[in-house]
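Reviewing the structure listed below.
The values are calculated or read from the model by the stated rules, or taken from the named source; none is laboratory data. Remember, it's a predicted structure, so these values are computed and weren't measured experimentally. Here the Cβ positions follow ideal geometry from the backbone for every residue, glycine too, while neighbour counts run over all protein chains shown. For accessibility, only protein heavy atoms count, side chains too; no ligands or nucleic acids. Shrake-Rupley method; radii C 1.70, N 1.55, O 1.52, S 1.80 Å.
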Amino acid sequence: MLNFDLMEEFGHEQLVFCSNKESGLKAVIAIHDTTLGPAIGGTRMWKYTSVEEAVEDVLRLARGMTYKSSIAGLNFGGGNAVIIGDSSKQKSELLFRTFGKFIDGLGGRYITAEDVGTTVKDMEYVRMETKYVTGISKALGGSGDPAPVTAYGVYVGMKACAKAKWGNDSLENKKIVIQGAGQVAQHLCEHLYNDNAELIISDISEEKINKVLNSVKADVVDPKDIYNNEADIFSPCALGAILNDNTIPKMKCEIIAGSANNQLQNEDKHGKMLLDKDILYAPDYVINAGGLMNVSNELEGYRQDRALKHADSIYDILTRVIKISQEENIPTHKASNKIAEERLLQIGGIRKIYSSKNK
Ligand code: NAD
């Protein structure tokens with residue numbers, strides 16, 4: 001499909017190709033929608049096998065950010081960038097500073113951050129060339145690791161699901177299976193353990209498991225057997241696309257609530273399968289919005305207490321999503337898309353009122 005056709009299909013505003021021979025930079029920046037404010041979203045560095053694959057990915061990611069910002073109540077639009085290349089071999093100061101120049105050239109229409117394949121250090125090089133970057137280290141006045149705020153958002157989101165499912169948001173004695181024992185899971189397990197939940201964890205890395213076991217008491221299961229466990233809550237905190245034709249029929253839980261991105265392999269089909277099984281699914285981009293809240297907070301001068309307070313709002317947002325899903329008998333991800341689209345429409349309408357901000 002031609003780029004313009006792809007952009008028109010999903011309403012993207014702008015697609016920018018960045019190329020520089022000296023640094024080897026080949027990057028694509030996509031801006032989906034700036035109704036609510038400048039587009040924000042990470043920079044992914046990946047070994048795409050074709051430009052088409054990179055363009056498709058960046059358009060999809062940028063659109064996802066519009067929905068995430070909107071439902072999180074942020075005044076940001078949706079954007080994303082991809083750098084085509086091997087993040088283990090092709091990174092350099094020159095590459096990221098060159099990329100920073102291109103971002104700066106967009107004059108603030110797009111603000112970047114780290115994503116898969118890029119790190120805080122890379123963003124610090126970008127920062128040398130543009131102020132339109134977030135997710136830099138605390139030492140340099142940035143927000144540092146977003147995982148604690150993401151995890152807190154997932155924790156309050158789980159409580160909102162518990163309240164909707166069981167009439168009480170206490171997680172005490174609830175059996176919670178957590179897939180992945182990485183950065184987010186580590187902090188999440190601590191919140192859940194403090195609430196006396198019964199934890200079952202799983203990771204392909206023994207080192208990660210042991211790190212979590214240093215701070216909480218939990219049972220450990222083999223990653224291959226994880227879907228066979230009966231539990232109150234299943235929490236995907238590792239991989240995307242894990243809710244699919246193979247896994248959903250095996251699921252023996254009442255709630256799915258975790259931080260992983262793009263959990264539904266096919267949004268419509270698998271969202272509906274979960275609804276039919278009466279499993280309450282917390283849409284990933286709603287429950288993991290703490291990470292975005294954290295980096296966006298950096299733009300106002302970072303304070304973790306303010307970011308955590310903001311992440312508290314995930315409880316009410318999810319409660320509203322679940323209510324609409326129940327009232328209209330639609331999958332929760334459809335309910336959250338609806339709320340995000342409504343906000344875009346409503347706030348977009350303010351533009352017609354003249355104020356000193358209209359130029
Ligand atoms: P991480 O890399 O620290 O942790 C992921 C863990 O999953 C790793 O320990 C890895 O070994 C494990 N893993 C990989 N394959 C597995 C498998 N088959 N079974 C069990 N474990 C497996 O990442 P993270 O920062 O903790 O993020 C977790 C998820 O949440 C990711 O999908 C990420 O995209 C998403 N997310 C993270 C943030 C954030 O603030 N870090 C924000 C939003 C979304």
Q | the stretch 143-239: C-alpha gyration tensor shape, a/c 1.5 cut-off, then a/b vs b/c | A | oblate
Q) Percent of accessible area on the stretch 147-342 owned by carbon and sulfur, 1.4 Å probe? A) 45
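If you take the C-alpha gyration tensor of the stretch 197-263, multiply each eigenvalue by 5 and take the square root, what semi-axes do you get, largest first, in whole Å?
Numbers: eigenvalues 81, 36, 25 Å².
Calculated on Cα positions only, the semi-axes equal 20, 13, 11 Å.
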Q. Nearest 10 degrees, 0 to 90: what angle lies between the long axis of helix 332-349 and the longest principal axis of the chain (Cα atoms)?
A. 40
(Q) Let me spell out the model: positive unit charges on the Cβ of Lys and Arg, negative unit charges on the Cβ of Asp and Glu, origin at the Cα centre of the chain. What dipole size does that give, in debye rounded to 20? (A) 920
Q. Taking the stretch 214-359 as the region of interest, what is the percent of Cα-Cα pairs per 10 angstrom bin, listed from the shortest bin to the one with the maximum distance?
A. 10, 32, 32, 18, 6, 2
Q: With everything on Cα atoms, drop me the angle between helix 51-71 and the longest principal axis of the chain, reported from 0 to 90° to the nearest 10.
A: 60
Q: Using only Cα atoms, tell me the angle between helix 147-166 and the longest principal axis of the chain; keep it within 0 to 90° and round to the nearest 10.
A: 40
Q. Distance from the Cα centre of the stretch 58-77 to that of the stretch 174-209, in angstrom?
A. 28
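If you take the C-alpha gyration tensor of the chain, multiply each eigenvalue by 5 and take the square root, what semi-axes do you get, largest first, in whole Å?
Output for the chain: semi-axes of 33, 24, 20 Å.
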**Q.** Rounded percent of accessible protein surface that carbon and sulfur make up, the stretch 1-120, 1.4 Å probe
**A.** 53
Q. Which entries in K26/K272; K26/K68; K47/K269; K138/K272; K47/K217; K175/K323 show an alpha-carbon gap greater than 31 Å?
A. K26/K272; K138/K272; K47/K217
**Q.** Set K174/K252; K165/K224; K21/K91 screened for pairs whose C-alpha atoms are more than 21 Å apart
**A.** K165/K224
Q | All-pairs Cα distance distribution in the stretch 2-77, expressed in whole percent, bin size 5 Å | A | 3, 15, 26, 22, 18, 10, 5, 1, 0
Q) For D86 and E206, what does the FRET efficiency come to when R0 = 30 Å and r is the distance between their Cβ atoms, rounded to the nearest 0.05? A) 0.65
Q) Spin-label point model (7 Å from Cα, Cβ direction): what's the Q304 to W166 distance in nm? A) 2.9
Q | Per residue accessible area of the stretch 170-280, 1.4 Å probe, in Å² | A | 49
Q) In a shell of Cβ-Cβ distance under 13 Å around E13, excluding E13 itself, what net charge do Lys and Arg (+1) and Asp and Glu (-1) give? A) 0
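Place the peptides 176-189, 250-263, 8-21 in order of packing, highest mean first, counting for every residue the other Cβ atoms within 10 Å and averaging per peptide.
176-189, 250-263, 8-21
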Q: Would you mind working out the accessible area per residue for the stretch 1-87, using a 1.4 Å probe, and quoting it in Å²?
A: 43
Q: Counting only C-alpha contacts under 8 Å and six or more residues apart, can you give the relative contact order of the stretch 1-130 as a whole percent?
A: 29
Q: Treat each spin label as a single point 7 Å out from the Cα along the C-beta direction, and report the F4 to K269 distance in nm.
A: 3.3
